[in-house]
Amino acid sequence: MIESVGGRVVADRYVLADRLGSGGMGTVWRAWDHLLQRTVAVKELHAAGGGSEQQAAMRRVLSEARAIARVTHAHVIDIYDLVEFDGGLWIVMELVPGGSLSERVRSSGLLSPVETARVGLEVLSALHAVHAAGALHRDVKPANVLLRADGSSVLTDFGIAALSDHTGLTGTGGVVGSAEYMAPERLRDQPAGPASDLFSLGVTLCFLASGQTPFARGDLTATSFAVAFEPPSVHVQGPLGDVIEQLLDKDPAKRPSGAQLADALQSIVDGAPHTVQATLRHPMPPARTNRRQRSAAGANRRRTVITGVLAVLVLLGGTGVTAYVAGGDPGSGSPNQPGPTSTGLHAGSRVDAVVPVPGVRGRFWVFSGSEYMVIEAGADPASARRVSGPAPIAQ
């Protein structure tokens, strides 16, 4: 039977046929299960590094894949088998032939608010089951939600979560997940939790209803900056837009819980969206702040972000490099237009924000006006150095 089907055979059982898709973390194949005589999907995981690093990655894969395999849920992909073969790990799972949500939007157009809310409820129920099993997904996005023949949603591609460490980054410094769908706490090297997956679900719902994601800027640097610091651009009106904006709060503690989100989405499906406000908002909303108060609050947040790296900037560029974090005039500073310092920035340059480079410990993006640069601070502050830049953010 194997010889008649042809193709590569994994573990003397799974005969690979056509390739269904490939990404940075793995390749998915349509395959024939010779033992049980059925068609399955087989994902070949690409673990970064080698030696002890690869072994550690494989242990994470086994641990989390086992947790997912114990989940029996209508909207979670069924995992059938885990195979170590040819120096790698292969996950054998249910084959869902209906395509993904991203393909559905490309081929048939945007989803209505009710359809979007219904998909949100299905993915939310899948995430609830996954979180209850002690796992996270970490890469919720339309491409990772498949559609069965009856139109129901199936959350898939859990291998990316298992290959990531506690910060959500690979051992080699690459970003695990898609930047425009990532929760800001993951870009800031803060612990991820169930609220991080809900943030990604909010971005997904925004794309389904509008065809746009709230933070996409065309390149990794600008997109990461937008996710971490800029308000979302939600081009969705009405109650669904309110729900999405709540999910995209920078503070995980301020996002709605799973139960609150389920109530809000169900109200949209049932045609009773007036319940959304009461469901998602606190009984005593905070007092309205004027523009000056909001500006001061934003300045405090920016000041907190850059404090830890100011010493590095001073070491690199001398005391002439000033971090204007209170929202003043970008052109303020020395009227004599001093020359560039060793950082590449001019003395008196405004440092708007500092963002950790995902996956590279001690390395930071420094944003100043329309430019950015990369600096590195090792264990010894005196070893601080400029890695690259300045370069235009739009580059």
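Computed from the coordinates by the stated procedures, all read-outs in this text should not be read as laboratory data. Note that the coordinates shown come from a computational prediction; the quantities given were computed from them, not determined experimentally. Counting neighbours? That spans all protein chains shown, and the Cβs are built from the backbone with ideal geometry, glycine included.
The table below lists the values:
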| read-out | value |
| --- | --- |
| Contour minus Cα-Cα distance for Ser257 and Leu82 (0.36 nm per residue) | 59.7 nm |
| 20 Å reach of a label modelled at Ser152, 7 Å along Cα-to-Cβ, counting backbone N of the stretch 75-100 | 75-80, 93-100 |
| At R0 = 22 Å, FRET efficiency that the Cβ-Cβ distance of Leu110 and Thr27 yields, to 0.05 | 0.15 |
| Cα-projected label distance for Arg59 with Asp219, points at 7 Å along beta-carbon direction, nm | 3.9 nm |
| Partners for Lys43 among lysines (Cα-Cα distance below 26 Å; same-chain residues under 8 apart left out) | Lys141 |
| Projected area averaged over orientations for the stretch 91-141, convex hull of C-alpha atoms, nm² | 4.6 nm² |
| Leu20 long-range amide H proximity, modeled H, under 5 Å | Val28, Trp29, Arg30 |
| Binned Cα-Cα distance frequencies in the stretch 101-280 - 5 Å width, integer % | 1, 9, 18, 23, 22, 16, 8, 2, 0, 0 |
| Label point distance in nm, Glu230-Leu35, each placed 7 Å from Cα along Cα→Cβ | 5.1 nm |
